[in-house]
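First up is the structure itself, then whatever we jot down about it.
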Amino acid sequence: MQTEKQPGYKFSEIIADPVIRKRWEKVQKYFFLRESTYDMSNRCNIRCEGCYYFAGESKKQFADENRDPAAWKQLFEAEKERGITFVVLAGAEPALAPELCRVCFDVIPLGAIATNGLKPIPQDIDYRIHISTWGNDTTSLAVRKAPDMLVRQMENYKDDPRAVFVYTFSPVNIDEAREVTELLAKGGQQITFNMFSAPVGYNGHLRHTPETLAQTRRVMTELLAEFPTTVLFSPYNILAHTEEKGLHELFSCSYPRMNPSTDIGLGRSFRQYRTDLAWDREAACCVPDTDCDDCRHYAAGSAVVTARMYRHATDPATFSAWLDYVDTYLAVWVRGYDKGKNLCEHPVIPIG
Amino acid sequence: MNARVTTDRDSPWFSGHFPEDPILPGIGLLNMVADCIAAAKEETIVMAGLGRVKFRKIVRPGEQLDILATSDNKRDQYTFRITSGGQDVCSGIMRFTPQENPQVNNSEVMSNEISQTITRIAAIIIDELKLEDVTPETFDADLDLVDEVGIDSMDLATIALVLRDEYGIRIDEDDYPKLTTVRIIAEYIDNKLKSSE
Ligand code: SF4
Ligand code: SF4
């Protein structure tokens with residue numbers, strides 16, 4: 001009998017390694033996470049250039065803002081009933097609707113909030129808090145028109161274990177990542193990396209080129225090596241997010257927007273609710289206005305790469321690289337999950 | 001069909017399970033239901049499958065059990081329920097086939113192979129998902145794994161890897177949405193094995 005082409009290792013052989021097995025068992029406990037995302041407010045306290053929310057094609061900012069806690073409570077209870085175990089609260093700026101975030105936390109206790117960090121989110125809302133960072137304070141002033149942004153963000157979330165800074169690499173701020181990482185390391189805070197991913201129809205200077213991708217890869221690699229406890233990332237994260245091919249081409253995005261199947265996984269359960277509590281399957285993904293061909297977004301990778309376990313179970317090194325990715329994802333998104341040491345320090349080609 | 005049965009204190013089921021702490025094993029309960037249905041039908045039938053079986057209460061020697069079995073719309077399928085003093089003991093669905101000439105033919109060999117694969121897949125799912133109250137033999141092969149068992153894509157990927165080890169076949173990630181029941185997975189594996197022969 002001729003069998004199909006097989007990987008060199010059986011899965012049982014790969015997880016027989018005690019280090020791999022331990023990490024596998026650690027991440028496997030979180031396979032129950034099923035996410036959806038919610039826009040909590042259509043207002044923001046700043047106005048950044050090229051903001052997806054206000055400039056995006058989906059025109060989410062024109063949705064009515066439902067501010068009734070009872071309506072949100074009913075929604076989250078229905079979401080819980082539907083099997084949602086992890087929420088991502090986004091914007092425009094969710095910190096402007098803390099009472100609604102609290103309603104959510106009371107119903108679904110695992111989640112993350114994406115904020116610009118200028119208005120502190122009350123301590124009792126114990127979600128992971130992602131603070132968006134677009135460069136040093138000179139760049140932030142120019143692009144986000146907000147002075148002393150990093151200084152204020154760091155002050156607001158000083159000694160706050162909920163906080164992780166999300167640095168978005170664009171072609172114009174690659175070298176500033178070092179300065180920001182050093183400041184955060186000094187302040188005992190954590191950082192993870194995101195990639196600017198062009199909105200649909202955008203062809204401006206912020207779109208990455210092969211050269212800026214390579215340059216970003218170099219800087220990320222240096223920072224991860226120099227600040228291993230400050231930087232929540234792995235060599236495989238770096239490769240997967242700085243490939244010339246976008247995440248969809250590499251891993252086949254499973255968000256409903258790109259995936260017609262409603263049978264299982266994200267295609268079945270993921271929804272992206274607007275402030276009027278409506279959602280649209282056609283626009284449902286974590287970054288609805290992004291051009292899928294240019295998508296390297298950290299939130300997209302967290303779902304798309306982690307879902308592709310099967311294809312990474314070919315040999316111990318590749319599977320370890322995937323485990324590092326999942327370990328990073330959990331450390332970035334789940335409160336109380338501690339990142340382990342990366343298992344695979346050498347480059348593994350992303351399995352597209 | 002209604003029946004009242006008193007469990008026999010001397011039954012070998014009790015001595016085997018467990019000498020120090022005798023209880024009637026699940027398979028003993030199911031046998032009891034099958035015997036009652038066969039007796040009521042007055043024809044020779046054999047149990048062909050089980051579904052949604054739930055064991056809720058331990059049965060001790062000498063306990064009086066009430067068995068209620070109702071014929072479903074589907075031919076030879078019964079929904080049953082066992083109670084003891086008003087308390088639920090066990091419930092589920094039982095399917096039968098008429099007993100045929102025992103001469104073995106090819107399609108029987110084939111369905112035997114499939115049913116072995118079904119039992120093995122059920123065992124893997126039970127093991128991976130740490131399911132309780134169900135055994136590989138009682139797992140309903142037609143249960144919707146997503147809707148009724150609550151499996152999601154990462155669970156399915158894990159199961160697919162264990163199946164890859166066991167059968168030496170590759171399960172395409174794009175095929176996951178189609179693999180909705182244990183029977184469909186078994187047929188999928190069977191087809192893959194045949195096409196690689
Ligand atoms: S902080 Fe976020 S929501 Fe507000 S304008 Fe900037 S990018 Fe848009
Ligand atoms: S933008 Fe990214 S996450 Fe959204 S559907 Fe496209 S590839 Fe998927």
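Does A:R311 satisfy the criteria of being basic (K, R) and at pLDDT 95 or above? Criteria not met by A:R311.
Residues that are at pLDDT below 90 and open to solvent by 30 Å² or more (accessible area, probe 1.4 Å) were ranked within the range B:156-176; the one that is nearest to the other protein chains (Cβ to nearest Cβ) is B:R170.
Applying the criterion of being within 11 Å of chain A (Cβ to nearest Cβ) and open to solvent by 50 Å² or more (accessible area, probe 1.4 Å) to the residues of the range B:177-197, the residue that is farthest from B:E113 (Cα to Cα) is B:K178. For the range A:303-327, filtering for residues that are part of a loop (DSSP other than H, G, I, E, B), of a type outside the set (A, V, I, L, M, F, W, C) and under 21 Å from A:A112 (Cβ atoms) leaves 1. On the basis of being open to solvent by less than 10 Å² (accessible area, probe 1.4 Å), farther than 16 Å from A:Y30 by Cβ, among the small types (G, A, S) and assigned to a helix (DSSP H, G or I), does A:A300 make the cut? Criteria met by A:A300. Just one of the listed residues (A:D289, A:D263) is acidic (D, E), in contact with a Pro (Cβ under 6 Å, 6 or more places away or on another chain) and within 16 Å of ligand 1 (Cβ to nearest atom), and it is A:D289. Among the residues in the range A:104-111, are any within 16 Å of ligand 1 (Cβ to nearest atom) and under 19 Å from A:Y30 (Cβ atoms)? Within the range A:104-111 (the criterion being within 16 Å of ligand 1 (Cβ to nearest atom) and under 19 Å from A:Y30 (Cβ atoms)), the answer is no, since none of the residues qualifies. Any residue at all in the range A:300-316 that is of a type in the set (S, T, Y) and either within 16 Å of ligand 2 (Cβ to nearest atom) or touching a strand residue (DSSP E or B) at 6+ places or on another chain (Cβ under 7 Å) (or both)? Checked against the condition, which is being of a type in the set (S, T, Y) and either within 16 Å of ligand 2 (Cβ to nearest atom) or touching a strand residue (DSSP E or B) at 6+ places or on another chain (Cβ under 7 Å) (or both), the range A:300-316 yields at least one hit.
Cβ-Cβ contacts under 7 Å between residues 6 or more apart (or on different chains), taken from a first residue in the range B:184-197 that is closer than 19 Å to B:A122 by Cβ to a second residue that is hydroxyl-bearing (S, T, Y), are listed as B:A186/B:T117; B:I189/B:T117; B:I189/B:Y167; B:D190/B:T117; B:L193/B:Y167. Among the residues of the range A:77-103, those that are in contact with a strand residue (DSSP E or B) (Cβ under 9 Å, 6 or more places away or on another chain) and closer than 18 Å to B:D147 by Cβ comprise A:E79, A:R82, A:I84, A:T85. The residues on offer are A:L213, A:L232, and the sole one that is more than 17 Å from the chain's Cα centre (by Cα) and of a type outside the set (S, T, N, Q) is A:L213.
The range A:46-155 holds helices (runs of 4 or more DSSP H) entirely within its bounds, and those carrying 3 or more residues that are without any contact (Cβ under 8 Å) to a residue 60 or more places away in the chain and under 28 Å from A:F32 (Cβ atoms) map to A:69-81, A:98-107.
The values are calculated or read from the model by the stated rules, or taken from the named source; none is laboratory data. Nothing here was measured: the structure is a model prediction, and the numbers come from that model. A quick note on method: Cβ atoms are made from the backbone with ideal geometry, for glycine too, and the neighbour counts reach across all protein chains shown. Accessible surface is based on the protein model in full, side chains and every heavy atom, while ligands, DNA and RNA are left aside. Shrake-Rupley method; radii C 1.70, N 1.55, O 1.52, S 1.80 Å.
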